[in-house]
Amino acid sequence: MPPCRPVMRPRPRSSWCIGTNMAGRPSNRDARYTQVMEALTRTVARFGLEGASLSAIAKEAGMTRPLVRHHLGNRDEILTALQAYVLDRFQQQTAEMIDALPKDRPAQALVDQLFDDRDASDADLIMAFAALTARAVDDPALQRGCRDVVLGFEDAIAGVLASSCQVPEKAAKEAAQTITALYFNVISLSPLNMPQDWVATANRISVNILENLGKTK
């Protein structure tokens, strides 16, 4: 989902913010850092945290090992950077997804977007997130961060369901919890090349949840 497929909005040419040069374009340093972080995320998704060596990240990024180390630092700093990047990225994509929903039948549009197998979901981000959650058992701060992201995702869905279906908050929350669980299950298993109707089944279950939710009004 996050995890979700974001809608990228072009930045106005006249805008300028931290991380851009005076022409409004990202600096070379920031562009390289983003490239390194995306490579780190893909490496963790494929090989786990233990397999995310500087050499593996450098190979994925198409950079030299010293350059990757310059951006990421030592092992502890790599894990800290990954945590910040993945959690922030997930929250950003969630917000962008909700903002992009149409005013007409937003709940149905949300379900269609979450379980649309015609679009490539960011499975690497979810797999990296899963690697972080496994490590969170021994890291209370990381545990809180990962939990807050999932609950924030669930709350965002619940908000859409409550307003779109005009149901009580409790009913919307319960439905959102089920849809959230379905989404994480489907996207985390996508590397296994599940049967073609796998996503369609999750979509159909979620649609049934929406229909039943409408009957609770």
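The values are calculated or read from the model by the stated rules, or taken from the named source; none is laboratory data. What you are looking at is a predicted structure, and each value in this text was computed from that prediction instead of being measured. Heads up, the Cβs are rebuilt from the backbone with ideal geometry, glycines too, and the neighbour counts pull from every protein chain shown.
Side notes on the structure shown:
- Qualifying residue in segment 162-180 (condition: among the aliphatic types (A, V, I, L, M) and out of contact with any helix residue (DSSP H, G or I) (no Cβ under 9 Å at 6 or more places or on another chain)): no
- Filtered by the rule that a residue be touching a helix residue (DSSP H, G or I) at 6+ places or on another chain (Cβ under 6 Å) and over 29 Å from residue 144 (Cα atoms), segment 65-88 gives a lone residue, 65.
- Residues being without any contact (Cβ under 8 Å) to a residue 24 or more places away in the chain and within 25 Å of residue 197 (Cα to Cα) - total across segment 73-119: 2
Here's the yes/no breakdown for (1) of a type outside the set (Ser, Thr, Tyr); (2) within 24 Å of residue 190 (Cβ to Cβ); (3) over 13 Å from the mean Cα position of the chain (by Cα):
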site: 78; (1), (2), (3): yes, no, yes
site: 89; (1), (2), (3): yes, yes, no
site: 93; (1), (2), (3): yes, yes, no
site: 130; (1), (2), (3): yes, yes, no
site: 135; (1), (2), (3): yes, yes, yes
site: 145; (1), (2), (3): yes, yes, yes
site: 161; (1), (2), (3): yes, no, yes
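- Residue among 96, 77, 50 that alone is modelled with pLDDT under 95 and either assigned to a loop (DSSP other than H, G, I, E, B) or of a type in the set (Phe, Trp, Tyr) (or both): 50
- Here is the figure for segment 54-109: residues that are β-branched (Val, Ile, Thr) and surrounded by fewer than 17 Cβ atoms within 10 Å (Cβ to Cβ) total 3.
- Any hit, segment 170-179, residues being polar (S, T, N, Q) and under 16 Å from the mean Cα position of the chain (by Cα): no
- Test for residue 197: is it farther than 24 Å from residue 43 by Cβ, within 14 Å of the chain's Cα centre (by Cα), of a type in the set (D, E, K, R) and surrounded by fewer than 20 Cβ atoms within 10 Å (Cβ to Cβ): no
- Segment 99-134, subset hydrophobic (A, V, I, L, M, F, W, C) and in a loop (DSSP other than H, G, I, E, B), residue farthest from residue 211 (Cα to Cα): 120
- Checked against the criterion of being aromatic (Phe, Trp, Tyr) and closer than 22 Å to residue 176 by Cα, segment 124-137 contains one or more residues that satisfy it.
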